[in-house]
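Read the structure below first, then the notes.
The values are calculated or read from the model by the stated rules, or taken from the named source; none is laboratory data. Fair warning: this is a prediction, and the values are worked out from it, not measured in the lab. Using ideal geometry, Cβ is built from the backbone for each residue, glycine included, and neighbour counts are taken over all protein chains shown. SASA here: full protein model, heavy atoms, side chains in, ligands and nucleic acids out. Shrake-Rupley method; radii C 1.70, N 1.55, O 1.52, S 1.80 Å.
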Amino acid sequence: WAPLPRARVAGFPSPGCHPLGSETPPPVVGPPGTPPGFRGWGWGLRATLRVAAMSMYVRIKRKNQTVFMHVEPPDTFGSIKAKCGEVFDVPAASINLYAGTTDEQPVELADLATVGDQQIENDAVIFMVFKKGGDSWENIELL
């Protein structure tokens with residue numbers, strides 16, 4: 001370890017002298033095997049990792065079609081319906097989304113509810129049905 005040259009400022013130790021008075025360098029903060037002088041990851045990486053931890057994908061299934069969609073906990077199901085409408089070229093008002101497995105009774109996802117509110121996890125399956133005509137909807141069926 002070699003100390004970096006410092007400008008002499010009144011009240012600070014002379015160049016090459018540790019601020020605490022010893023000649024030994026301060027301990028390395030990083031994990032074992034990090035290069036000398038490593039002082040930890042920058043805030044930019046921490047923020048990136050935090051955002052990456054919140055990002056997730058869900059599978060939106062309808063019959064024999066599956067769409068993988070990037071969502072985040074604050075996204076509403078109304079916005080997810082709008083994205084599905086763009087993909088399938090269908091108005092968002094004629095799409096219903098349901099959460100659950102094929103074994104249990106699916107729960108309809110309200111437009112104003114968020115992904116975080118419904119505790120949708122990464123790689124969860126969301127079922128999508130289209131409006132048939134009038135007030136009737138397709139059944140949830142996977143081929």
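Computed quantities for the displayed model
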{"read-out": "Taking segment 56-136 and dividing mean pair separation by its residue count, relative contact order in percent (alpha carbons under 8 Å, at least six apart)", "value": "40 percent"}
{"read-out": "Within-15-Å neighbourhood charge of GLU121 [Cβ basis; K, R +1; D, E -1]", "value": "-3"}
{"read-out": "Heavy-atom accessible area order for GLU72, GLU108, largest first, 1.4 Å probe", "value": "GLU108, GLU72"}
{"read-out": "Set of aspartates and glutamates near LYS63 by C-alpha distance (under 13 Å), chain-local residues within fewer than 8 positions excluded", "value": "GLU138, GLU141"}
{"read-out": "Global geometry of segment 96-143, whether rounded, prolate or oblate, following the gyration tensor of its Cα atoms and the 1.5 cut on a/c", "value": "oblate"}
{"read-out": "Dipole moment magnitude, nearest 20 debye, segment 99-143 about Cα centre, only Lys, Arg, Asp, Glu C-beta charged", "value": "200 debye"}
{"read-out": "Unit charges at the beta carbon, dipole of segment 56-136: most positive-side option, GLY78, GLN65, ALA110", "value": "GLN65"}
{"read-out": "Rough spin-label spacing in nm, given labels placed 7 Å along Cα→Cβ, for PHE68 and GLN105", "value": "3.4 nm"}
{"read-out": "Surrounding net charge for LYS81, when Lys and Arg each add one and Asp and Glu each subtract one, Cβ distance under 13 Å", "value": "-1"}
